[in-house]
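The values are calculated or read from the model by the stated rules, or taken from the named source; none is laboratory data. Note that the structure is a prediction, hence the values are computed from the model and not measured. As a convention, Cβ positions derive from the backbone with ideal geometry for all residues, glycine included, and neighbour counts pool all protein chains shown. The area values use the complete protein model at the heavy-atom level, side chains included, leaving out ligands, DNA and RNA. Shrake-Rupley method; radii C 1.70, N 1.55, O 1.52, S 1.80 Å.
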Amino acid sequence: QIPPPNPLPHRTSALHTLTMPAQLTAALPSYSPAAKAAGGSSASCTASHFLSYPTRRLRNGVRAQVSTTETAEPAPAAPAKPVKISKKQDEGVVTNKYRPKEPYVGRCLLNTRLTGDNAPGETWHMVFSTEGEVPYREGQSIGVIADGEDKNGKPHKLRLYSIASSALGDFGDSKTVSLCVKRLVYTNDAGEVVKGVCSNFLCQ
């Protein structure tokens, strides 16, 4: 009997051919019709016994490879994301100092119509006193809650308007805020005249 080889032979998937070292191949009996006629059954049996051995070794090798993969170390954790700082907080911009349930009650100091009598629509410029309690920057908006109640008997919801004045206000003392508002009036599909709640409240 021929001992099994120490190196692990490999098998190609296309031709199912086994490759063996040269020294072991030379020790195998050669196959020929003459050898078969002379009683080559034992040689053929020895060769087939040897050629079936690498298949078992190959399966063992595959199992060992799978076992190695299962015990691999986990990947390192992703680094933590940096905490973002709001640009508004960095620049000292104040937002939402007052809430709809507890609003600041201002006083209208000036309300002037900017458009002529024959102009399509009305636009008004109005100045409100804040006494410096509503700080703002250029580009911010301010919420206005109209007096009265809606059709459901609840207070009107807040409407946002872009601030028209600079941070110093129209009088330069940082104690006022100004708006430019166009009165909203239109006729709907049913022929009814609809007036905007907050714009008409401000323009009046």
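Here are some notes:
Each row is one residue, and each column tells you yes or no for (1) in contact (Cβ under 8 Å) with a residue 12 or more places away in the chain; (2) within 39 Å of the chain's Cα centre (by Cα).
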residue	(1), (2)
G172	no, no
V177	yes, yes
V185	yes, no
V197	yes, yes
N200	yes, no
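- Qualifying residue in the range 136-154 (condition: closer than 30 Å to E91 by Cβ, open to solvent by less than 70 Å² (accessible area, probe 1.4 Å) and touching a Ser or Thr at 6+ places or on another chain (Cβ under 7 Å)): yes
- For the range 97-132, a tally of residues being open to solvent by 60 Å² or more (accessible area, probe 1.4 Å) and touching a Gly at 6+ places or on another chain (Cβ under 9 Å) returns 4.
- Summed over the range 163-203, residues that are assigned to a strand (DSSP E or B) and more than 12 Å from H125 (Cα to Cα) total 7.
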